[in-house]
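The numbers here are math on the coordinates, done by the rules we state, and not lab data. All figures in this text were calculated on a predicted structure; none of them were measured in a lab. For neighbour counting, all protein chains shown are included, and Cβ atoms are generated from backbone atoms with ideal geometry for every residue, glycine included.
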Amino acid sequence: MSHVFHRSLSTSYPVAAGGDGPYLIDAAGKRYLDACGGAAVSCLGHSDAAVIAAVQRQIASMAYAHSSFFTSAPMEELADFLVARAPAGIDSVYFVSGGSEAVESALKMARQYFVERGQPQRRHVIARRQSYHGNTLGALATGGNAWRRQQFEPLLMGVTHVSPCYAWREQQENETDGDYVARLGQELEDNIAALGAENVMAFIAEPVVGATAGALPAVAGYFARMRDICQRHGILLILDEVMCGMGRTGTLFACEQEGVTADLICIAKGLGAGYQPIGAVMVSGDLRDTIRAGTGFFQHGHTYIGHATACAAALAVQRQIEERDLLANVRAMGSLLQERLQQRFGEHPHVGDIRGRGLFLGLELVRDRASKHPFDPARRLHARIKARAMQAGLMCYPMGGTIDGLHGDHILLAPPYIIDASHVDEIVGKLGIAIDASVD
């Protein structure tokens, strides 16, 4: 019996023993094509020699120095790299160890910003239903997935949740994209008014919703409208790009494709590609300067923030992505994968929607295409598909509760940026086997 407290205490997991490009290899020698990057993490695959060498060099030189005593060259260089490529207004980086920490840090930063500005009454956060922002208490409270929140509800701070931009299910018949955006904008305005605009500190959203909604992008103009509303009311915009950022959608920052910037942008996952645990909050110059001119001290911190080895790994990852022009491959292979998915599943009786951007794609599963009626949650279709895919040597990321936290199933695909056309065909072929075997 294992002494590890695994995620599922009723599951017997294969032992991961090696990596080869986009494949993971278990202790028995079986190869699994990683079509989801674990959880949209392993964007360079599992054996990048340049990143491995960078980690080894840094450990040999200096593995770790606590950030209350020192800065380090990798931390400074990674911050410079990211800020040079960041959306307008972003001018500094706060490093953490993962996505949940990034969101927690952003929430605290937003709160301290208003305290430092003499507006301590600004305490309310507005987020969206079916969002996912992490599993620490502040991040979990901010997230809008009912199932994930349910048993911890007594511990969570109050957060207001508005409708997501979920056009396939919630855009009304004959409602144009512009009208849909206007309706969602009015809903945000109404909630701000109910709370009192002077009491709201932040609106947080994922540019492309990942784990809980299956690569769900917004319709054109949505984020520009939300940004405009936030600016008019003096509310900070926090964009959670933990899963969809760092090149996953075909641009380094997902919000580039929306034509907007933000006050705070949370990143992780593809930042370090799994070679080291790392996340970060990208911070606007205004927010940083406000705190600098006030107390000069961010009242927050973790032991491993700015970890030198993690920063060295992330810098090597980002340089590999840029030097090898892998974002072009994300766009090309993403287009090909979406094309192949449409060919294979576009008329499938149980695939209702195929969506996403770049190499961040989702398939929403339905019992009936015409009505969009989901499968019975008791069937746990998503779990069946995951098991069948693993049997076939494919890692994908199915989840349940797509619609409201209970009903609906989807499959998230987020393969490494290094895949080629042969891997696309393997993904689609093995995914078809898993879906067909599970819905029958």
Taking region 156-174 and keeping only residues that are over 23 Å from the mean Cα position of the chain (by Cα) and surrounded by fewer than 14 Cβ atoms within 10 Å (Cβ to Cβ), one is left with Gln172, Glu173, Asn174
Return the residues of region 348-399 that are of a type in the set (Asp, Glu) and over 22 Å from the mean Cα position of the chain (by Cα); say none if nothing qualifies. Asp368, Asp376
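So which of Ala268, Ala273, Ala280, Ala262 ends up being of a type in the set (Gly, Ala, Ser), surrounded by 24 or more Cβ atoms within 10 Å (Cβ to Cβ) and under 25 Å from Glu189 (Cβ atoms)?
Result: Ala262 is the single residue among Ala268, Ala273, Ala280, Ala262 that is of a type in the set (Gly, Ala, Ser), surrounded by 24 or more Cβ atoms within 10 Å (Cβ to Cβ) and under 25 Å from Glu189 (Cβ atoms).
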Got at least one residue in region 153-162 being touching an Asp or Glu at 6+ places or on another chain (Cβ under 8 Å), closer than 19 Å to Glu258 by Cβ and not in a helix (DSSP H, G or I)? yes
Do the conditions hold for Ile411, that is, is it β-branched (Val, Ile, Thr) and within 19 Å of the chain's Cα centre (by Cα)? yes
Single match in Glu256, Glu198 (criterion: crowded, with 16+ Cβ neighbours inside 10 Å, of a type in the set (D, E, K, R) and part of a helix (DSSP H, G or I)): Glu256
Within region 232-248, of all residues that are at negative phi and in contact with a Leu (Cβ under 8 Å, 6 or more places away or on another chain), the one surrounded by the fewest Cβ atoms within 10 Å (Cβ to Cβ) is Leu237
Given (1) touching a strand residue (DSSP E or B) at 6+ places or on another chain (Cβ under 9 Å); (2) buried (at least 24 other Cβ atoms within 10 Å of the Cβ), number of the condition Pro349 does not satisfy: (2)
Tell me, please, whether a residue that is touching a Leu at 6+ places or on another chain (Cβ under 6 Å) and charged (D, E, K, R) can be found in region 261-280. yes
